[in-house]
Amino acid sequence: MKKLKILLISLAGLIVVLSIAVVIAIKVFLPEDKIKSYIVDYAKNNLNREVSFDSLSFKFIGIDLKNFKMSERATFNEGTFIKSDDFIIKISPLPLLKKNIKISNILLDSIDINITKDENGLFNFDDIIKSFQNSEETENRQEKTNNPKQESSNSSFDLNINHFNIKNANVIYTDKKTNLEASIKNFNL
């Protein structure tokens, strides 16, 4: 029994030391400025949006963005589409070994969303949906040319989200075609 206790204490100590080493390695190899530039570049190139946030911090296998904002269409000059006090993404570590990204939790706290429908019936987020559809079509085309016998439903990038939480959200909807305005305040999902 005494040997088992010593073994468990040693194992717990080893886990703590390895956790600290991983945190230090992440901070050294992926500094905050580098990750911030990845996020900003991804939003600009793939979503045609500007994003900004005050600070980025690492949680255990996750990221927390403070005061996160995403612009309308191309720049913040056209307005703010989404604003959140906290944007937290947690990733499950075991699927990473199989080259899959499995998000265990997404939390948006104190979020404001502005949804606008213009005179032509287009929403202010239609371009984001089209960019995701175009990237899926391009990926499927590349898979077919690389391996024509493989089914198109097989994806090299597997993304799963287990929990998606929204706290204290405010949604403002404006329809310019029918001149309708509506809002939902302080809801949780």
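Observations, loosely collected:
- Count of residues meeting criterion [closer than 22 Å to K102 by Cβ and either among the β-branched types (V, I, T) or touching a strand residue (DSSP E or B) at 6+ places or on another chain (Cβ under 8 Å) (or both)] in segment 27-42: 2
- Residues satisfying the stated conditions in segment 103-122, i.e. more than 21 Å from the chain's Cα centre (by Cα) and assigned to a strand (DSSP E or B): T116, K117
- Only one entry of S92, S37 meets the criterion of being more than 14 Å from the chain's Cα centre (by Cα) and hydroxyl-bearing (S, T, Y), and that entry is S37.
Read the figures in this text as sums done on the coordinates, not as results from a lab. Computed from a predicted model, the values in this text were never measured in an experiment. Cβ: placed from backbone, ideal geometry, glycine included. Neighbour counts: every protein chain shown.
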